[in-house]
């Protein structure tokens, strides 16, 4: 009995070991089922991706068509509620801004878009009517500033063109144009002072002008007037701008030359001709008087004293 039990136990043990090695160490093909499962998953993902892209393309076409035609009802055919809301808001904003209907902005779902819609309409209304007070109702600070500056620019240009600038008007402008406006008002006022000073030849009025360039021009113009009226070159030296001083001296020289020329011609005085600065005028003065003297005296030898040598030959013929 004992031996039988040992035989049975040994046999069972051998069978078990054999089955173990047979199951775990025999060659098997495990890839067929896994490969099939992987391919099935990839196909499903690709199909879903293609469907999503197709829907997106279709939604894009519908949204564009709805916005282009202002067709809010068409927005309801879009795939998601978010797309429908965005489509509807875009159309309402466009209609509201086109018609300046601020009430339509209240129907816009997005808070930010509704505020932007109101701001745009308020800005358009303010700029169109040149009413800067309407800009104050704009929520966005940048848009409010743009609205105010745009109206300031138009109003300022209009006042400049009409010549009706005042300090009171300048104070109504914002920082960008206020300083420039004030400077122009002061310049305009001082330009009137300059004109008044020049007409009356009053240097003291010029000294009240704060603009240095305008003040210098005022003083220089008066000095030029005095120099010409008194025919004194000393006054030109009081002019503090080189070009203006040179102009004064040139004008005064021409005036003195013409005075001397007329005096020489009147008195037939060649010595007076020699006082003329302009060599062309001096030569003309000298030769005219000399030719007149030669005609009277018939003295051909004087022809050689002519400054213009081209006149010597005709002079000799006249004297003969």
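The values are calculated or read from the model by the stated rules, or taken from the named source; none is laboratory data. Note that the structure is predicted; figures quoted are calculated from it, not measured. For neighbour counting, all protein chains shown are included, and Cβ atoms are generated from backbone atoms with ideal geometry for every residue, glycine included.
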Notebook entry, point to check: Restricting to the stretch 177-208, what's the tally of residues that are within 23 Å of residue 159 (Cα to Cα) and part of a loop (DSSP other than H, G, I, E, B)?
Noted result: 0
Next item on the list: Using the structure shown, decide if residue 170 is more than 30 Å from residue 190 (Cβ to Cβ) and either touching a helix residue (DSSP H, G or I) at 6+ places or on another chain (Cβ under 8 Å) or not in a helix (DSSP H, G or I) (or both).
Entry: no
Next item on the list: Quick one: residue 237 ticks every box in (1) within 30 Å of residue 214 (Cβ to Cβ); (2) surrounded by 16 or more Cβ atoms within 10 Å (Cβ to Cβ) except a single one, so which number is it?
Entry: (2)
Item checked: Check on residue 123, without any contact (Cβ under 8 Å) to a residue 40 or more places away in the chain, over 32 Å from the mean Cα position of the chain (by Cα), surrounded by 11 or more Cβ atoms within 10 Å (Cβ to Cβ) and not assigned by TED's automatic domain parsing to the domain that holds residue 177 -> no
Checklist line | Residues of the stretch 224-242 that turn out to be under 15 Å from residue 254 (Cβ atoms), more than 41 Å from the chain's Cα centre (by Cα) and part of a helix (DSSP H, G or I), as a count | finding: 5
Notebook entry, point to check: Can you pull out the residues in the stretch 35-78 that are in contact with a helix residue (DSSP H, G or I) (Cβ under 7 Å, 6 or more places away or on another chain), modelled with pLDDT of 80 or more and in a helix (DSSP H, G or I)?
Noted result: 65, 74, 75
Item checked: Within the stretch 91-113, considering residues that are touching a residue at least 24 places away in the same chain (Cβ under 8 Å) and part of a helix (DSSP H, G or I), the one nearest to the chain's Cα centre (by Cα) -> 97
Notebook entry, point to check: Just one of the numbered conditions (1) modelled with pLDDT under 80; (2) crowded, with 16+ Cβ neighbours inside 10 Å is not true of residue 92; which one?
Noted result: (1)
Next item on the list: Hey, can you tell me all the residues within the stretch 137-162 that are over 28 Å from residue 115 (Cβ atoms) and in contact with a helix residue (DSSP H, G or I) (Cβ under 9 Å, 6 or more places away or on another chain)?
Entry: 156, 159, 160
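Out of 134, 165, which single residue is closer than 30 Å to residue 209 by Cβ and either touching a helix residue (DSSP H, G or I) at 6+ places or on another chain (Cβ under 9 Å) or part of a helix (DSSP H, G or I) (or both)? Reasoning before the result, please.
Details: 134 fails: closer than 30 Å to residue 209 by Cβ.
Answer to the selection: 165.
Residue-wise test of (1) farther than 16 Å from residue 203 by Cα; (2) in the same structural domain as residue 200 (by TED's automatic domain parsing).
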residue: 219; (1), (2): no, yes
residue: 226; (1), (2): no, yes
residue: 233; (1), (2): yes, yes
residue: 247; (1), (2): yes, no
residue: 260; (1), (2): yes, no
residue: 265; (1), (2): yes, no
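Can you pull out every residue in the stretch 271-306 that is in a helix (DSSP H, G or I) and within 22 Å of residue 231 (Cα to Cα)?
Passing the criteria: 271, 272, 273, 279, 280, 281, 282, 285.
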